[in-house]
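A short worksheet on the structure shown next.
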Amino acid sequence: MRRVALMGLVAIAAIGAASTRTFAPIDSPAGPGSAEPNLAVAPNGDVYLSWLEPIDSGHALRFSRHDGKQWTPARTIRSGRDFFVNWADFPSLEVLGDNRLAAHWLQRSGTGTYAYHVKIAFSGDGGATWSEPMRPHTDTSNTEHGFVTLWREGNDLGVAWLDGRRYDKEGHHASNEMMVLSTTIGRGGRRGAEVPLDARACDCCQTSAAMTAEGPIVAYRDRSPDEIRDISVVRRVGGEWTAPRAVHADNWQINACPVNGPAVDARARDIAVAWFTAANSSAQVKVAFSSDAGATFGPPVRLDGGAPAGRVDLVLLPDGSALVSWIERVGGDTAAVQARRVMPNGKAGAPMTIASSSAARASGFPRMALTSDAVMFAWTQPGRPSAVKLARFPISTLK
């Protein structure tokens with residue numbers, strides 16, 4: 001997995017001054033040393049937080065539910081010493097309804113640095129007990145499988161991931177290719193057909209998915225033969241997956257993975273995609289909207305303040321606007337978790353500082369989740385020990 005630290009990028013003029021408001025975090029159910037948070041929303045609006053924390057020379061994948069007032073006591077999904085733990089490739093939880101939950105994590109499969117498989121377990125009792133884990137992928141080679149996205153699709157679980165079965169087992173070379181694959185898992189762990197969505201994708205950028213009125217849409221960083229690594233989407237329409245289509249031609253040519261995936265959200269046929277690019281040595285956070293379920297996108301809107309590290313997330317708000325979050329550098333390794341609201345016509349509010357942070361890898365990827373009346377933020381606060389921090393803001397306070 002080839003990665004590049006995007007340092008020394010050409011400075012650009014700030015776009016709007018960030019709001020001076022900072023928000024006090026709410027209590028977190030995560031323990032000392034916690035990191036890699038993720039968020040999911042149940043059909044009734046409850047928010048589920050999942051995270052990793054150290055335990056017994058290994059790690060535990062844990063979760064808690066917020067009912068709009070408080071967090072439930074943390075529960076353990078799985079613990080062990082065979083987790084593959086990575087700042088950019090983190091576990092997740094999906095709420096399936098009827099008290100059913102699904103969770104994924106990464107588990108080492110061999111002695112190689114990037115020999116690991118995706119594991120998924122299910123709970124039918126709200127997380128009190130969990131099934132034996134299964135692999136969503138048929139490939140069993142000791143290569144990289146990760147950067148997973150889960151989505152609820154009726155009674156089934158949709159899954160997309162990056163798959164390294166084509167990688168040379170002896171090392172990583174420019175000719176090696178990661179694929180984007182997808183499947184569904186039904187009740188009882190029944191795995192559907194494994195479908196390739198893209199035969200050549202960026203090595204280690206997160207995938208993202210949402211359900212539209214026509215079916216799921218998956219966003220990811222593509223990889224052309226001449227190393228253009230822009231954001232593409234694929235959609236399942238009428239039961240068939242479409243060919244990859246670029247959201248916008250940034251034409252970012254980079255012979256390495258920037259470890260910076262996109263985020264997508266949907267409401268019926270309205271779609272928004274946010275992403276990071278550094279085309280032409282200009283680091284930027286962008287968002288683009290679609291009103292036809294992702295078939296086409298309008299021109300992108302730039303949101304950052306001039307020195308973004310990326311690591312975006314996005315939620316569509318009830319009025320059709322999008323709230324985009326990212327990490328903005330403010331000097332050296334010092335950074336801030338920022339968010340900005342933008343309308344489909346491109347009109348954007350002022351950037352808001354959610355919390356102070358760091359541009360180092362240890363700060364991870366801030367996450368957001370939308371309820372009926374509020375947005376929940378989760379992020380990793382680096383330190384010794386690290387800690388998962390949280391904030392919950394009424395939609396009415398987001399300008």
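The values are calculated or read from the model by the stated rules, or taken from the named source; none is laboratory data. Given the structure is predicted, the values throughout are model-derived calculations rather than measurements. Cβ atoms come from the backbone with ideal geometry, glycine included; neighbour counts cover every protein chain shown. The area values use the complete protein model at the heavy-atom level, side chains included, leaving out ligands, DNA and RNA. Shrake-Rupley method; radii C 1.70, N 1.55, O 1.52, S 1.80 Å.
With respect to the conditions (1) under 26 Å from E153 (Cα atoms); (2) touching a strand residue (DSSP E or B) at 6+ places or on another chain (Cβ under 7 Å); (3) not aliphatic (A, V, I, L, M), F276 falls short on a single one, namely (1).
Considering each of F83, F90, F147 in turn, give the residue that is among the aromatic types (F, W, Y), closer than 26 Å to V312 by Cβ and in contact with a His (Cβ under 6 Å, 6 or more places away or on another chain). None of the others qualify; the one that does is F83.
Could you grab me the full set of residues in region 333-359 that are in contact (Cβ under 8 Å) with a residue 12 or more places away in the chain and not in a strand (DSSP E or B)? Hits for region 333-359 are D333, M343, P344, G346, G349, A350, P351, A359.
When A362 is tested against the conditions (1) assigned to a loop (DSSP other than H, G, I, E, B); (2) surrounded by fewer than 17 Cβ atoms within 10 Å (Cβ to Cβ), the lone failure is (1). Consider G364 against the criteria (1) within 20 Å of the chain's Cα centre (by Cα); (2) closer than 23 Å to I26 by Cβ; (3) at pLDDT below 95: it satisfies all of them except one. Which criterion is unmet? Failing condition for G364: (3).
The set of residues from region 178-228 being among the β-branched types (V, I, T) and open to solvent by less than 10 Å² (accessible area, probe 1.4 Å) comprises V180, T183, I185, I217, V218.
Restricting R341, R329, R384 to those that are touching a strand residue (DSSP E or B) at 6+ places or on another chain (Cβ under 9 Å) and closer than 28 Å to D89 by Cβ reduces the list to R329.
Looking only at residues that are in contact with a Lys or Arg (Cβ under 8 Å, 6 or more places away or on another chain) and open to solvent by less than 10 Å² (accessible area, probe 1.4 Å) in region 380-399, which one is nearest to V85 (Cα to Cα)? Step by step, filter region 380-399, then rank; the result is T380.
For region 132-162, filtered to residues that are open to solvent by 30 Å² or more (accessible area, probe 1.4 Å) and either of a type in the set (F, W, Y) or touching an Asp or Glu at 6+ places or on another chain (Cβ under 9 Å) (or both), the residue that is farthest from G215 (Cα to Cα) is T138.
Restricted to region 367-377, and to residues that are among the small types (G, A, S) and modelled with pLDDT under 95, which residue is most open to solvent (accessible area, probe 1.4 Å)? Out of the qualifying residues, it is S372. Restricting region 321-330 to residues that are closer than 21 Å to P258 by Cβ and over 15 Å from the mean Cα position of the chain (by Cα) leaves a set whose member that is least open to solvent (accessible area, probe 1.4 Å) is E328.
All of G68, G8, G16, G45 fail the test of being modelled with pLDDT of 90 or more and outside any strand (DSSP E or B), apart from G45. The set of residues in region 90-115 that are part of a loop (DSSP other than H, G, I, E, B) and surrounded by fewer than 24 Cβ atoms within 10 Å (Cβ to Cβ) comprises D98, N99, S109, G110, T111, G112, T113, Y114, A115.
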